[in-house]
Amino acid sequence: MSRTRTALLAAMALVAGATGTAYAAVPGDVGAAAVPCTVNYQVQNQWDTGFTAAVTVTNLGAAKSSWAVKWSYAGNQRVTSGWNAKITQSGSNVTAANESYNGTLATGGSASFGFQGTYSGSNAIPATFTLDGVTCNVDSGGPTDPTDPTGPGDRVNNPYSGAKVYVNPEWSAKAAAEPGGNRIANQPTGVWLDRTAAINGVNGGMGLRDHLDAALAQKGSGELVIQLVIYNLPGRDCSALASNGELGPTEIGRYKTEYIDPIAAILSDAKYAPLRIVTTVEIDSLPNLVTNTGSRATATPECDVMKANGNYVKGVGYALNKLGDVGNVYNYVDAGHHGWIGWDDNFGASADVFHDAATAEGATPADVHGFITNTANYSTLKENNFTINDSVAGKSVRESKWVDWNRYVDELGFAQAFRNKLVSTGFDTNIGMLIDTSRNGWGGTARPAGPGATTSVDTYIEGGRYDRRIHIGNWCNQSGAGLGERPKAAPESGIDAYVWMKPPGESDGASKAIPNDEGKGFDRMCDPAYTGTPRNGNNLTGALPDAPVSGHWFSAQFQQLMRNAYPPLS
């Protein structure tokens with residue numbers, strides 16, 4: 001809420017802790033001068049000794065190729081870090097100058113930046129701002145403004161609790177167009193920013209701001225979570241080809257300035273402060289540095305390159321730092337799945353790599369709100385017909401061909417245990433886990449009703465396991481898969497939510513080579529006839545035929561997922 005005042009009255013109100021809109025006054029014509037610029041300053045979050053703030057400057061004068069916003073604090077506030085502007089401070093005086101990528105400021109155009117700071121005592125909003133030396137209108141507010149009922153809520157431990165979750169209109173329309181698809185078309189799914197162009201929208205589709213605006217419309221008077229997938233690392237997906245990205249292994253600079261920085265600039269816009277923004281950071285990246293490098297049979301030269309140049313760790317660290325500085329963003333880092341890092345030699349090593357990334361490029365573990373497992377994968381949530389502690393015919397379940405000495409047999413047990421491991425490496429004790437249940441239901445006629453025969457440990461497991469993949473290393477458009485648990489907040493201890501981060505019906509990769517302009521290659525693991533690699537025990541891939549390029553709509557898969565859903569669809 002803002003009220004128009006002269007500069008003097010606005011300054012008096014601000015000292016009293018209120019908010020106001022102040023116009024630069026011209027002698028003899030108070031409040032009537034043309035406004036050359038406006039500044040919106042919002043304290044987004046505040047705690048005992050610190051705060052985060054978002055600032056938007058709008059240029060109402062001649063177009064600019066560079067800019068600098070200045071203000072002074074009446075108290076002892078100190079800026080400690082910033083994003084989307086070069087921020088310096090001398091005494092009480094602060095200067096925020098443009099970065100190389102956001103210097104252009106057209107007439108009527110706006111630029112947004114943010115920062116984190118410290119204070120003691122009061123945290124009064126500055127009374128005066130200038131743009132290139134010209135005093136601006138001040139439109140300020142935020143949680144420190146007791147008269148402003150529209151400010152964002154406090155940061156919460158579990159963003160999903162008590163909140164609706166954004167339904168992507170583009171995915172919803174595709175789902176509803178399928179026969180029977182209206183049964184799930186209202187489910188929330190992730191918005192994938194899988195290339196730089198996705199920020200502004202591809203082929204006339206919705207861009208990031210479009211989705212955020214739609215989320216505000218869906219929010220109403222309650223709380224709402226919007227889920228974003230941050231997925232564009234240099235040398236992306238070094239162990240596969242289907243989801244290779246647009247950036248080469250060394251293009252960390254472009255990742256920062258052309259991808260992460262623009263996303264952070266949009267998310268820090270005060271307009272979106274009422275949303276709870278969940279980011280799932282860089283799917284299928286960091287675990288590759290553990291499992292697919294060095295002398296392992298599963299190693300690839302591409303993953304060795306990414307481990308050597310450090311750009312996965314640097315990229316994730318940079319994303320966590322920049323996005324974590326936005327007060328209403330909740331970062332969740334991708335943590336693979338139990339069939340990837342559940343083995344003894346992967347489990348602790350992966351946790352260590354995640355901690356390395358969370359302390360790189362200015363990030364700290366405090367920038368990590370939690371982790372997500374099973375993203376875009378098929379590992380069943382809970383195997384009820386056997387446990388890791390069972391023995392059959394004198395052999396442990398761990399000795400079966402399917403479990404293959406893994407410590408875990410399903411995602412829930414793995415996610416809860418891995419959470420504890422992550423805490424032990426230095427992450428906050430309050431971190432929460434997300435589990436992607438979009439395609440791990442494994443229902444339908446193939447779902448076992450009970451344990452297998454006790455003839456051997458293999459017959460016991462094969463006859464009882466819900467996950468019907470040929471091998472747990474298979475990941476592309478799996479035959480027989482079904483929708484899993486519907487999205488749900490706080491379903492189990494340590495689990496913030498079950499989510500559908502991978503939109504059901506979007507392909508994992510093409511089943512044959514298809515030319516495209518998205519940088520996505522052909523991975524033989526998406527070819528139904530391929531006999532595999534060491535990562536899937538040299539088995540058939542179990543992939544569906546006639547699949548399109550990753551991310552494109554795959555009607556046959558969508559119909560299969562509905563048919564094999566568990567719990568079943570009504």
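Data for the structure
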item: So ASP390, is it among the charged types (D, E, K, R), in contact with a helix residue (DSSP H, G or I) (Cβ under 9 Å, 6 or more places away or on another chain), modelled with pLDDT of 95 or more and open to solvent by 70 Å² or more (accessible area, probe 1.4 Å); result: no
item: Residue tally, condition over 20 Å from GLU178 (Cα atoms) and open to solvent by less than 30 Å² (accessible area, probe 1.4 Å), over segment 502-520; result: 5
item: Any hit, segment 321-336, residues being assigned to a helix (DSSP H, G or I), touching a Ser or Thr at 6+ places or on another chain (Cβ under 6 Å), open to solvent by less than 20 Å² (accessible area, probe 1.4 Å) and at pLDDT 95 or above; result: yes
item: From the options ASP284, ASP304, ASP352, residue that is assigned to a helix (DSSP H, G or I), more than 19 Å from VAL423 (Cβ to Cβ) and open to solvent by 10 Å² or more (accessible area, probe 1.4 Å); result: ASP304
item: Residue within segment 498-513 that is among the charged types (D, E, K, R), within 20 Å of TRP192 (Cβ to Cβ) and without any contact (Cβ under 8 Å) to a residue 40 or more places away in the chain present; result: no
item: Neighbours by Cβ (under 6 Å, 6+ apart or cross-chain): first from segment 253-281, part of a helix (DSSP H, G or I); second buried (at least 19 other Cβ atoms within 10 Å of the Cβ) and of a type in the set (Gly, Ala, Ser); result: TYR255/GLY315; ILE260/ALA319; ALA265/SER112; ALA270/ALA54
item: Cβ-Cβ under 7 Å pairs, at least 6 apart or on other chains, segment 479-495 side free of Cβ contacts under 8 Å to residues at least 12 places away in the same chain, far side among the small types (Gly, Ala, Ser); result: LYS488/ALA497
item: The lone exception for ASN538 - which of (1) in contact (Cβ under 8 Å) with a residue 24 or more places away in the chain; (2) assigned to a loop (DSSP other than H, G, I, E, B); (3) at positive phi it fails; result: (1)
item: Boolean, ALA497 is in contact with a Pro (Cβ under 9 Å, 6 or more places away or on another chain) and of a type in the set (Gly, Ala, Ser); result: yes
item: Selection within segment 527-543 - at pLDDT below 95 and either among the aliphatic types (A, V, I, L, M) or closer than 14 Å to LEU241 by Cβ (or both); result: THR533, ARG535
item: Residue match in segment 276-284 (condition: farther than 19 Å from ASN346 by Cα and either small (Gly, Ala, Ser) or in contact with a Gly (Cβ under 8 Å, 6 or more places away or on another chain) (or both)); result: yes
item: Residue in segment 510-529 that is in contact with a Lys or Arg (Cβ under 8 Å, 6 or more places away or on another chain), closer than 19 Å to TYR231 by Cβ and among the small types (Gly, Ala, Ser) present; result: yes
item: Residue selected from segment 521-567 under the condition hydrophobic (A, V, I, L, M, F, W, C) and open to solvent by 20 Å² or more (accessible area, probe 1.4 Å), by the criterion nearest to HIS471 (Cα to Cα); result: LEU540
item: Top-ranked residue of segment 419-447 - restricted to ones that are charged (D, E, K, R) and outside any loop (DSSP other than H, G, I, E, B), ranked as farthest from PRO365 (Cα to Cα); result: ASP436
item: Test set (1) among the hydrophobic types (A, V, I, L, M, F, W, C); (2) open to solvent by less than 60 Å² (accessible area, probe 1.4 Å); (3) part of a loop (DSSP other than H, G, I, E, B); (4) modelled with pLDDT of 95 or more - ALA497 fails condition number; result: (3)
item: Which listed residue, of GLY201, GLY235, GLY245, is part of a loop (DSSP other than H, G, I, E, B), closer than 23 Å to ASP269 by Cα and either open to solvent by less than 50 Å² (accessible area, probe 1.4 Å) or of a type in the set (Gly, Ala, Ser) (or both); result: GLY201
item: Restricting segment 425-467 to residues that are open to solvent by less than 10 Å² (accessible area, probe 1.4 Å) and acidic (Asp, Glu), the residue that is nearest to THR189 (Cα to Cα); result: ASP436
item: Residue in segment 365-379 that is assigned to a loop (DSSP other than H, G, I, E, B) and under 22 Å from GLY463 (Cβ atoms) present; result: yes
item: Single residue of ALA297, ALA215 found to be of a type in the set (Gly, Ala, Ser) and open to solvent by 10 Å² or more (accessible area, probe 1.4 Å); result: ALA297
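The values are calculated or read from the model by the stated rules, or taken from the named source; none is laboratory data. Treat the numbers as computed from the prediction; the structure is a model and nothing was measured. Here Cβ is always computed from backbone atoms with ideal geometry, including for glycine, and neighbour counts include all displayed protein chains. Just so you know, the surface numbers come from the protein's heavy atoms only, side chains and all, with ligands and any DNA or RNA stripped out. Shrake-Rupley method; radii C 1.70, N 1.55, O 1.52, S 1.80 Å.
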